[in-house]
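The values are calculated or read from the model by the stated rules, or taken from the named source; none is laboratory data. If you're wondering where the values come from, they're calculated on a predicted model, not measured in any experiment. FYI the Cβ positions are ideal-geometry reconstructions off the backbone, even for glycines, and counts take in every protein chain you see. Heavy atoms of the whole protein, side chains included, go into the accessibility calculation; ligands, DNA and RNA do not. Shrake-Rupley method; radii C 1.70, N 1.55, O 1.52, S 1.80 Å.
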Amino acid sequence: DDNAVLPAKFRIPNKLSGRPVVEIADGVFQKQSTVEEIIFPDTLRVIGEQCFLDCDSLARFNVPSQLETIGNDAFKNTSWLINADAGEVAVGRILYAYKGEMMPDSAIVKDMSSLAASAHSGDIIDFGQYINAADGAFKDQANLVYAEFPNTFLSVSDS
């Protein structure tokens with residue numbers, strides 16, 4: 001409901017109608033400016049596109065152990081992302097975004113022992129520590145010139 005006013009601390013239930021909550025649909029909480037903290041169920045696997053877009057007060061959330069996928073711009077314009085340090089921004093073992101502009105000749109490598117790690121002079125992103133990257137994690141990063149992925153990587157997503 002677009003007119004709903006959610007509490008500052010909002011808990012998403014483990015089950016709805018007797019079924020486990022495994023996904024939050026695209027845009028569900030978009031523009032809910034009263035929400036400061038979200039408590040996700042441990043059963044959650046997917047956070048949809050623009051799910052928390054423009055939830056400018058959202059500063060805290062837990063990381064569900066089963067989380068595998070985060071949609072494009074899911075946390076865009078949240079206090080959490082705005083206050084994150086430049087560089088790699090992760091949600092658990094998912095690389096959510098690269099904040100800021102990458103240096104020229106930047107690369108994604110499957111681990112730091114890769115020959116590509118020393119062959120590039122820009123930012124080096126070690127994907128060996130992640131299981132996935134969120135949709136749009138490297139969107140508009142013109143200086144990213146090389147990418148390789150570990151065998152354990154779940155998928156390569158949009159943008």
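Quick look at the numbers
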| item | result |
| --- | --- |
| Rounded percent of accessible protein surface that carbon and sulfur make up, the range 61-116, 1.4 Å probe | 51 percent |
| Å² per residue, accessible surface of the range 54-159 at 1.4 Å | 50 Å² |
| Lysine-lysine proximity count for the range 10-145, Cα under 29 Å, sequence distance 8 or more or distinct chains | 11 |
| Neighbourhood charge, 13 Å Cβ-Cβ cut-off, centred on His120 and excluding it, Lys, Arg +1 and Asp, Glu -1 | -4 |
| Inter-label distance for Lys99 and Ser155, nm, one decimal - labels placed 7 Å from Cα along Cα-to-Cβ | 2.6 nm |
| Residue-by-residue Karplus 3J(HN,Hα) for the range 113-126, coefficients 6.51, -1.76, 1.60, Hz, glycine and proline x | 7, 4, 4, 5, 4, 9, 7, 10, 9, x, 5, 10, 9, 8 |
| Asn77-Ser33 pseudo-label distance in nm [points 7 Å out on the Cα-to-Cβ vector] | 1.0 nm |
| Calculated P(r) tail over 17 Å for the range 97-159, as whole % of Cα pairs | 35 percent |
| Volume per residue of the C-alpha convex hull in the range 90-133, rounded to whole Å³ | 55 Å³ |
| Estimated Rh, the range 42-159: Kirkwood, alpha-carbon pairs, angstrom | 14.7 Å |
| 3J(HN,Hα) from dihedral phi, the range 77-94, Karplus parametrisation 6.51/-1.76/1.60, rounded to Hz, x for glycine, proline | 6, 9, 4, 4, 6, 4, 8, 5, 5, 5, x, 5, 10, 10, 10, x, 9, 10 |
